[in-house]
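Asks: Here it is: the structure, laid out below.
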Amino acid sequence: EIFYDEETITRPVGIAFLAPSVTTYIKLNPGYRVYHVDGIRPGSSSMVLDHETFILNLTQANQPGAVARWQRLYGARETYGLPVAFPEDWNRLLDRLQADERL
């Protein structure tokens, strides 16, 4: 979800991210997400720069002799072509998705 400034409701100011669950559900593999944040330093934005999602394929992991291996499913910037994962970048992606049916 993208949050906008209260005055004009046009400037994106925040993002609510939803991450996968490590709890297994019927027909769903467990997953987790790693957030890359602009760290503690002078001038830091403290904003999320990117995130990567990992899953554990339970069908593969439960095969005889198999070793459970978490695998990277995707990275947000790479997958969605974002320069950074700031609210403005997600808002531009949303605009593109609404304007281009091929996306």
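What follows draws every value from the coordinates through simple rules; no lab data is involved. Since the structure is predicted, the reported quantities are computational estimates derived from the model, not experimental observations. Reconstructed Cβ throughout: ideal geometry from the backbone, glycine too, with neighbour counts over all protein chains shown.
Asks: Given +1 on the Cβ of Lys and Arg, -1 on the Cβ of Asp and Glu, and no further charges, what dipole in debye does region 18-99 carry about its Cα centre, rounded to the nearest 20?
Replies: With only Lys, Arg, Asp and Glu charged at Cβ, the dipole is about 280 debye.
Asks: Among Leu97, Leu73, which comes first, second and so on when ranked by fewest other beta-carbon atoms within 10 Å?
Replies: Lowest to highest Cβ neighbour count: Leu97, Leu73.
Asks: Hey, for a label at Met47 modelled as a point 7 Å past Cα toward Cβ, could you say which residues of region 71-88 have their backbone N under 19 Å away?
Replies: Residues 76-88 fall inside that zone.
Asks: Using just the helices of the chain, give the 222 nm mean residue ellipticity in deg cm²/dmol: DSSP H runs with n ≥ 4 each add -39,500 (n - 2.57), and the total is spread over all residues, rounded to 500.
Replies: Calculated from helices alone, the mean residue ellipticity at 222 nm is -5500 deg cm²/dmol.
Asks: Rounded to the nearest 0.05, what FRET efficiency do Tyr4 and Tyr25 give with R0 = 35 Å and r taken as the Cβ-Cβ distance? Could you check?
Replies: Working from the Cβ atoms, E equals 0.60.
Asks: I need to check one value: relative contact order of the chain, counting alpha carbon pairs closer than 8 Å and at least 6 residues apart, in percent. Each step should come with its number before you reach the end.
Replies: Details: 154 pairs, mean separation 20.8, N = 103.
With pairs under 8 Å counted, the relative contact order is 20 percent.
Asks: Hey, can you rank 89-95, 36-42 by average C-beta count inside 10 Å, highest first?
Replies: 89-95, 36-42
Asks: With an 8 Å cut-off on Cα pairs and a minimum separation of 6 or more residues, tell me the relative contact order of region 39-88 in percent.
Replies: About 37 percent, as a whole number.
Asks: Using DSSP loop states and a limit of at most 10 other Cβ atoms within 10 Å to flag GluC sites (Glu not before Pro), what is the longest stretch of the chain containing no flagged site?
Replies: Value returned for the longest uninterrupted segment is 8-100.
Asks: Compute the helix-to-body angle for 87-99: its Cα long axis versus the longest principal axis of the chain, expressed 0 to 90° and rounded to tens.
Replies: 80
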